[in-house]
Amino acid sequence: PSLFDSPAERYVKARQSVQRFTLVQLGKDFFFHFRYVVHSYNFFLFPSTLGIRDVEFTLSASSIQFLSHYGFDYNKFLKDGIPYMNEVQEKILRQLLLAGTWKVCRTNNADRDVLKRAIDEVTSWIAAAKEEDTMILQDLNGYHMLEVQLVLRQALENVWTEPLGDRKVMVKKVSPEHRQLLENSSYDHCQKKLILLSARGFTNLFQILVKAKKPLVGHNMLMDLMHLHDKFYRPLPESYDEFKRNIHNLFPVIIDTKTVTKYMQKVRCTGKTKNLIHPLVFSSNLNPKDPPCPVIVLASDCSRYAEKKFPHEAGYDAFLCGSVLLMSAHLLLCRSTDNAVEADPSFSQYLTVLAEHVNKVNFIRGGVSSINFSGEDAPSRHPPALVVHVRGWSGLTERQIYQEFKAHCCFDIRRLSKNQFIMLSNKYKHVRLVLRDYRHHPHLQVSVYRHWRHSPSVNCLLQ
């Protein structure tokens, strides 16, 4: 990320990342009013392997190490991850199922051996079996159960299959006429619509959330929204504006707690309320009494988070995020009413005081302060840009200029012309420091950037 990035430029960078990486875990917490009863869920996800194309994704070594340190279960992610797909992948699978040309992507011998063993068992058994005789195939999991049934039915017209649960499939010898009746019944577990439902996996829940149109809360959630779009809706479009429109149509009310808490730090909530802004307070003191705050209670089957902290577990992070939003909204309501807040205010009252932050998603180090999903993005209030004019020091690169100033402060550098560089910082004190310390530098003249004076395009026009 660069302070020079416009939202569209940053979107292009982030889009490349989202397309390469997958989701390993997604946390959803549902807050039900009154007395906010929280139901927390962790979903281990793994891309659907039912389709013509295998899904390739990247894992970051540092991220794996980080999550392992916090107890992330990679075996559960790889072995039991819930499948998902977006609309384009679903359309392809639907066409394959209708044409009968589906397949499960397999890249290892273990999967092939499972399928071959099941087929050998059935073909050996069926020769001597009588009609209505049955046998049980065991130790199948995931797509093995589905694929074994589809392959057997495709190869043998006188067999019928039913999943028994607990990784077992029952195989029955039937007449072709009986088989036809069973295929047209509502009890067929291999109906194409049920296969599609299974392959969609978590996407089914995503579609329910979209239809519900409830407020969606996240923290620093731009990348989260991009992953939701790419993995469960449609591949990310090239157009930044189209991405914004799509997200707003999916989730008309988005609240980023980073945007809200940044505002609260700026207005400097004081006294007994100021420490409540920090999210760690909520993990150790869920319902502080002074000042009175909304009551947050974990549902009986989700009490694990009340007893122990689980940082960086998706459901726990989502729980903290929702708690921070409720506490922040309550403090803003207190501030707007001079602490004359009625007992147990409604969420609509909270939404009223949060109105200016709705659909504003934090933009890290860039040309705007936040992305507005329901309008124009507001420009960032950066300190003024600086221009470095180089004299008697030929061949300087952006990297060398960066190294020169690195010891003093943090800047982003971009070449402006042959002997000029433009620098951006997000701290006023760094700008003042550089202007002071480089006032008499023999080779580097630093001044505040003026568009009419320093812009190459303006200079070219004037010349």
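Mind checking which strands (runs of 3 or more DSSP E) fall wholly inside segment 156-221 and carry at least 1 residues that are surrounded by fewer than 12 Cβ atoms within 10 Å (Cβ to Cβ)?
The qualifying strands (runs of 3 or more DSSP E) are 159-165.
Which condition does residue 141 not pass, out of (1) touching a Leu at 6+ places or on another chain (Cβ under 7 Å); (2) under 29 Å from residue 78 (Cβ atoms), if it passes all the others?
Result: residue 141 fails condition (1) only.
Hey, among the residues in segment 427-463 that are at pLDDT 75 or above and among the β-branched types (Val, Ile, Thr), which one's nearest to residue 394 (Cα to Cα)?
Once the filter is applied, the top-ranked residue is 446.
Residues are listed down the side, and each one gets a yes or a no for (1) open to solvent by less than 60 Å² (accessible area, probe 1.4 Å); (2) part of a loop (DSSP other than H, G, I, E, B); (3) outside the structural domain of residue 427 (by the TED database); (4) at pLDDT 90 or above:
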position	(1), (2), (3), (4)
26	yes, no, yes, yes
40	yes, no, yes, yes
52	no, yes, yes, no
62	no, no, yes, yes
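Could you list, in sequence order, all residues of segment 48-93 that are β-branched (Val, Ile, Thr) and touching a strand residue (DSSP E or B) at 6+ places or on another chain (Cβ under 7 Å)?
Matches in segment 48-93: 49, 58, 82.
So if I check each of 72, 77, which one is touching a His at 6+ places or on another chain (Cβ under 9 Å) and either surrounded by 13 or more Cβ atoms within 10 Å (Cβ to Cβ) or not assigned by the TED database to the domain that holds residue 425 (or both)?
72
Taking residue 232 and the conditions (1) touching a strand residue (DSSP E or B) at 6+ places or on another chain (Cβ under 9 Å); (2) within 30 Å of residue 126 (Cα to Cα); (3) touching a residue at least 40 places away in the same chain (Cβ under 8 Å), which numbered condition does it fall short on, given that it satisfies the others?
(2)
From the residues in segment 232-243 that are open to solvent by 20 Å² or more (accessible area, probe 1.4 Å) and part of a helix (DSSP H, G or I), which one is nearest to residue 11 (Cα to Cα)?
Across segment 232-243, the extreme among qualifying residues is 240.
Hey, among the residues in segment 399-426 that are open to solvent by 40 Å² or more (accessible area, probe 1.4 Å) and hydrophobic (A, V, I, L, M, F, W, C), which one's modelled with the lowest pLDDT?
Only one residue fits best here, namely 407.
For segment 316-323, check the following and say yes or no: at least one residue is touching a residue at least 60 places away in the same chain (Cβ under 8 Å) and either assigned to a loop (DSSP other than H, G, I, E, B) or surrounded by fewer than 16 Cβ atoms within 10 Å (Cβ to Cβ) (or both).
So far as segment 316-323 goes, no, none of its residues is touching a residue at least 60 places away in the same chain (Cβ under 8 Å) and either assigned to a loop (DSSP other than H, G, I, E, B) or surrounded by fewer than 16 Cβ atoms within 10 Å (Cβ to Cβ) (or both).
Tell me yes or no: at least one residue of segment 90-101 is under 18 Å from residue 48 (Cβ atoms), open to solvent by 60 Å² or more (accessible area, probe 1.4 Å), modelled with pLDDT of 90 or more and in a helix (DSSP H, G or I).
yes
I'd like the full set of residues that are in contact (Cβ under 8 Å) with a residue 60 or more places away in the chain, of a type in the set (Ser, Thr, Tyr) and either crowded, with 18+ Cβ neighbours inside 10 Å or not in a loop (DSSP other than H, G, I, E, B) (or both), limited to segment 337-374.
Of everything in segment 337-374, just one residue is in contact (Cβ under 8 Å) with a residue 60 or more places away in the chain, of a type in the set (Ser, Thr, Tyr) and either crowded, with 18+ Cβ neighbours inside 10 Å or not in a loop (DSSP other than H, G, I, E, B) (or both), namely 370.
Among the residues of segment 430-454, what is the count of those that are of a type in the set (D, E, K, R) and not in a helix (DSSP H, G or I)?
Matching residues across segment 430-454 total 2.
The values are calculated or read from the model by the stated rules, or taken from the named source; none is laboratory data. What you are looking at is a predicted structure, and each value in this text was computed from that prediction instead of being measured. All Cβ positions, glycine included, derive from the backbone under ideal geometry; neighbour counts span all protein chains shown. These accessible areas exclude ligands, DNA and RNA; they are computed on the full protein's heavy atoms, side chains included. Shrake-Rupley method; radii C 1.70, N 1.55, O 1.52, S 1.80 Å.
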